[in-house]
């Protein structure tokens, strides 16, 4: 990353008005990385706009600086865009980005990234975008405050499943240890991001568990939440099912897990596996126009989940 870091720093130094964005539906990794970068750029005197389509989910509102995030952009007056965790430019969901004629720094760790930036800081071997941004801080010799450390450690913890996923490496643990030395509290982060289920959310998980099926022939466990199922629960938070696919994947016999849920006119799919199971779920996601990692991927398709006369699920 030496060359990419140098090119990214050069673009940042030459820019004054910078837009920071990521894929829609903020998550802990890309959102934490974005906020950490923003804190440093503000110290450098940059004029920043933070924009994430659909805003900040309640479970991430504890992150320092999250109140600065807006859910759209209302100006074209930028000389640089930095995008976090977007495999392609349109993933931000911000329509105005398509027409911006400015330089782009693309920071990502997904293997299917389309390298759309003027500078592409992309490394699929890293656990998270937050770990990459941590490396960028270290390379620049930028100081890491307690707030920056909190945002970066949140990204690392959420994308490694509290260090339980196979993307956790020695470099990941070393970065986490240093961020904790800088003042980040792992227990607080885990409480906000994983131990935050409301009674209604737990009831929704119970319904999703009722709807789970194990296909012994194909060694897959899957669950669905239809529009009718979701109607039983009022005002479920957008992140209510975060971690559910991982829970399904704990079934030892299953090669991979799939969770499908209705989200308005589209079906959201989450796929999870483990390294010892020998399944690349990103290949499955690609069939449906999605993407991700070998062990964690997702997709969206237009349609509704329905059962046919034989009791099998189909998309209509």
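The values are calculated or read from the model by the stated rules, or taken from the named source; none is laboratory data. As the structure is a prediction and not an experimental result, all values here were calculated from the model. When we count neighbours, we look across all protein chains shown, and the Cβ atoms used for this are built from the backbone with ideal geometry, even at glycine.
Restricting to helices (runs of 4 or more DSSP H) lying wholly in segment 150-242: which have 1 or more residues that are at pLDDT 95 or above?
Output list reads 170-181, 186-193, 199-210.
Which of the residues belonging to segment 262-293 are touching a helix residue (DSSP H, G or I) at 6+ places or on another chain (Cβ under 7 Å) and in contact (Cβ under 8 Å) with a residue 40 or more places away in the chain?
Residues satisfying the conditions are 262, 291, 292, 293.
Suppose the filter is under 26 Å from residue 289 (Cα atoms) and assigned to a helix (DSSP H, G or I); does residue 245 pass it? Walk me through how you get there before you give the answer.
Values: under 26 Å from residue 289 (Cα atoms): yes; assigned to a helix (DSSP H, G or I): yes.
For residue 245, the condition - under 26 Å from residue 289 (Cα atoms) and assigned to a helix (DSSP H, G or I) - is met.
Go over the candidates 62, 74, 116, 78 one by one and state the one that is under 30 Å from residue 163 (Cβ atoms) and more than 14 Å from the chain's Cα centre (by Cα).
None of the others qualify; the one that does is 62.
Yes/no matrix, rows are residues, columns are (1) in the same structural domain as residue 154 (by TED's automatic domain parsing); (2) over 23 Å from residue 154 (Cα atoms); (3) surrounded by fewer than 16 Cβ atoms within 10 Å (Cβ to Cβ):
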site: 10; (1), (2), (3): yes, yes, yes
site: 17; (1), (2), (3): yes, yes, yes
site: 22; (1), (2), (3): yes, no, no
site: 29; (1), (2), (3): yes, no, no
site: 38; (1), (2), (3): yes, no, no
site: 46; (1), (2), (3): yes, yes, no
site: 70; (1), (2), (3): yes, no, yes
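Does residue 311 fit the bill of being on the phi > 0 side of the Ramachandran plot and out of contact with any helix residue (DSSP H, G or I) (no Cβ under 7 Å at 6 or more places or on another chain)?
Yes: the conditions hold for residue 311.
Across segment 35-70, what is the number of residues that are part of a loop (DSSP other than H, G, I, E, B), in contact with a helix residue (DSSP H, G or I) (Cβ under 7 Å, 6 or more places away or on another chain) and at pLDDT below 95?
2
Applying the selection to segment 73-107, what residues are more than 24 Å from residue 123 (Cβ to Cβ), buried (at least 21 other Cβ atoms within 10 Å of the Cβ) and out of contact with any helix residue (DSSP H, G or I) (no Cβ under 6 Å at 6 or more places or on another chain)?
78, 94
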